[in-house]
1. Quick check on the stretch 94-142: take the gyration tensor over C-alpha atoms, sort the square-rooted eigenvalues as a ≥ b ≥ c, and tell me if it's rounded (a/c under 1.5), prolate or oblate.
2. Could you tell me the largest-minus-smallest coordinate of the C-alpha atoms of the chain on each of the three principal axes, in descending order and whole angstroms?
3. Which residue fluctuates the most in the chain, going by a Gaussian network model with Cα springs under 10 Å, if the choices are Ala77, Ala235, Ala203?
4. Take a quick pass over the chain and tell me how many lysine pairs come in under 27 angstrom between Cα atoms, counting only ones 8 or more apart or on separate chains.
5. At what distance in angstrom do the alpha carbon centres of the stretch 67-130 and the stretch 252-289 lie from each other?
6. Ignoring ligands, DNA and RNA, what percent of the accessible area of the chain is carbon or sulfur (1.4 Å)?
7. Which of His145, His239, His16 moves most in a GNM of the chain, Cα contacts under 10 Å?
8. Just order 7-14, 284-291 by mean Cβ neighbour count inside 10 Å, highest at the front, would you?
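The values are calculated or read from the model by the stated rules, or taken from the named source; none is laboratory data. What you see is a predicted model, and the numbers here were worked out from it, not measured in a lab. So basically every Cβ, Gly included, is an ideal-geometry build from the backbone, and we count neighbours across all protein chains shown. Areas reflect the complete protein model, heavy atoms only, side chains present, ligands, DNA and RNA absent. Shrake-Rupley method; radii C 1.70, N 1.55, O 1.52, S 1.80 Å.
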Amino acid sequence: GIIDPPQNHIQLIAQHFVRGTYARRQLEQQVAEFFDNHFSTLLVEVYGFYLGQFPQCGQPALPNCDPDFPNRALLYASTDEYNDTEAFRNLAFNGTFRDMMQQSAMSPAMIYYLDTYNNIGVAPNENYARELLELHTMDVDTYDHHDIEDLARVFTGWNVCAKPIGATGPLDPCEFFFWREGNEYVANFNIANHDCGSKMLFAGTPHETFIPDTCDGNGLPTAAGVNDVTLALDAIAGHDATSRFISRKLIQKFVTENPTQGMIDDVVAAWNNPGNPNGAGDMREVLRAVLGLEEFRNPDLVRDKIKTPMEHTISALRGT
């Protein structure tokens, strides 16, 4: 059986293999795994953060120590990873790619993994900005280093803290007694650490996006800076390169490693179809277009794909 949600990393890994083997909705499982890998994080990085939050008990015992060390850290880290996978599983059929970008950007696992929590106005950390553009949304020929710099400034001030369930907005106060039952770790916006100056993305292109200054009269950050992320993600999601990049990756996943431009154009057209129930980037309609390609049913492309070690193992389990 499966413990759901998982209590530790062993159960988290087991879920992927058990669901891959026994899931009746194999397309749903394949797509969930695809996007979980696309917006990849690293459990050991998340686990390291929570080890600091819930250390081993000593003498005298700390109020937030874990008497069953390190199980609480494993629980929180596994839960963060699990929540991302399940969110992508849902959004792949009931949301847009823009929704997925939001989930990933505000995920505690991603904030720990790519150091957003260390990204502050006086010393921007570019790790997440670089990965977001280079790997999550578009190819390297579409943006320049200025875009990375200003996108990093957009994400200054974001970190993770514990908040009472039901009061988990980015501007809600953090819980000092973070080990108390009834709290959860969520994305938090620290106003003081935000770079409130104006930013520009994709300057000199049809997708140029200006993100205005949010400073007060003395040049200090304000709560309005929380909206920088929305403007930036909207701009990236609406960029032509994003629809092309993700369409190509989905074709490579489900059809062939070498898609033609015509195949990509067909999927991009579905991406931008104004009749999509969820609007541009409606993932259900994009997937429908990928699986509706003539090449998907081409017998000459059967066995054209190379399985990953995980897929190979699951195939063996399903076959036996």
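1. On the way: a/c = 2.55, a/b = 1.29, b/c = 1.97.
It is oblate, given that a/c is not under 1.5 and a/b is not larger than b/c.
2. 67, 55, 31
3. Per the Cα network of the chain with a 10 Å cutoff, Ala203 tops the list.
4. Working: Lys249/Lys305; Lys249/Lys307; Lys253/Lys305; Lys253/Lys307.
For the chain, qualifying lysine pairs total 4.
5. Taking the Cα centre of the stretch 252-289 as reference, the centre of the stretch 67-130 is 26 Å away.
6. Ligands and nucleic acids excluded, carbon and sulfur reach 53 percent.
7. Fluctuation is largest for His145.
8. Working: 7-14: 16.4, 284-291: 18.6.
With the highest mean Cβ count within 10 Å placed first, the list reads 284-291, 7-14.
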